[in-house]
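Okay, so here's the structure we're looking at.
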Amino acid sequence: MTATLLIIDLQQEFTRRTLAGRPRSTPGAEARAAAVLAAFRAAGRPVLHIHHDDPDPASGFRLDKPTGAVMPEVAPLAGERVIVKRTSSAFAGTGVHELLQADGCRELVVVGAALDFCVNSTIRSACDLGYAVQLVTDATFNFGSTGPDGTKIAPETVGDVTLATLAQGFARLVQTADVI
């Protein structure tokens, strides 16, 4: 496989939300993302870190705030590429597609958060651009949601629906053990 690893938005704001008791899916996803990262590094494979810098000054996903910092277990090493995005998809206005094309990359392995937001948007954009995508499901997570009628939707349900949709031609769903 000649895939590039995309690590999407594993930032301290998600740690803050988790520690605050917000229900989420996939306990331990960060450790599994770190294991995938370690495997890519050991194999000398390309890694691309995607960090969200929200233009909203009140957002926790601002790189000028402590909550915008990357989770230490997946922090970039010197020489690893970091792309900053200001929207949901890592491809929107960032030059990621051009960078991957210059590398000859046509396959992606994706880990990160949140599955139903930025991971989903990035995978759909990648698919539209012709990339083959593997989504490492046990190395991603999401939180619950609220439906338009105010109904609370459990994180597991949000994750299951998102994965079911992505499996319909957008990504091949895999586990950490499959990648390592």
Cβ-Cβ distance below 8 Å, separation of 6 or more or different chains: which pairs start in the stretch 79-94 with a residue that is in contact (Cβ under 8 Å) with a residue 24 or more places away in the chain and within 15 Å of His49 (Cβ to Cβ) and end on one that is part of a loop (DSSP other than H, G, I, E, B) and acidic (Asp, Glu)? Val84/Asp53; Lys85/Asp53
Read through the list (1) more than 24 Å from Thr176 (Cβ to Cβ); (2) open to solvent by 50 Å² or more (accessible area, probe 1.4 Å); (3) of a type outside the set (Ser, Thr, Tyr), then give the number of the only condition that Gly44 fails. (1)
Can you spot a residue in the stretch 120-139 that is surrounded by fewer than 21 Cβ atoms within 10 Å (Cβ to Cβ), closer than 16 Å to Arg24 by Cα and over 15 Å from the mean Cα position of the chain (by Cα)? no
Failed criterion for Glu98 (all others in (1) without any contact (Cβ under 8 Å) to a residue 24 or more places away in the chain; (2) of a type in the set (D, E, K, R); (3) in a loop (DSSP other than H, G, I, E, B) hold): (3)
Residue satisfying condition, being modelled with pLDDT of 95 or more, part of a strand (DSSP E or B) and either open to solvent by less than 60 Å² (accessible area, probe 1.4 Å) or in contact with a Gly (Cβ under 8 Å, 6 or more places away or on another chain) (or both), within set Leu5, Leu37: Leu5
Which one of Leu166, Leu108 is surrounded by 14 or more Cβ atoms within 10 Å (Cβ to Cβ) and either over 22 Å from Ala33 (Cβ atoms) or in contact (Cβ under 8 Å) with a residue 60 or more places away in the chain (or both)? Leu108
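The values are calculated or read from the model by the stated rules, or taken from the named source; none is laboratory data. What you are looking at is a predicted structure, and each value in this text was computed from that prediction instead of being measured. Methodologically, a virtual Cβ is constructed for each residue, glycine included, from the backbone with ideal geometry; neighbour enumeration extends over all protein chains shown. Surface accessibility is based on the protein's heavy atoms, side chains included, excluding ligands, DNA and RNA. Shrake-Rupley method; radii C 1.70, N 1.55, O 1.52, S 1.80 Å.
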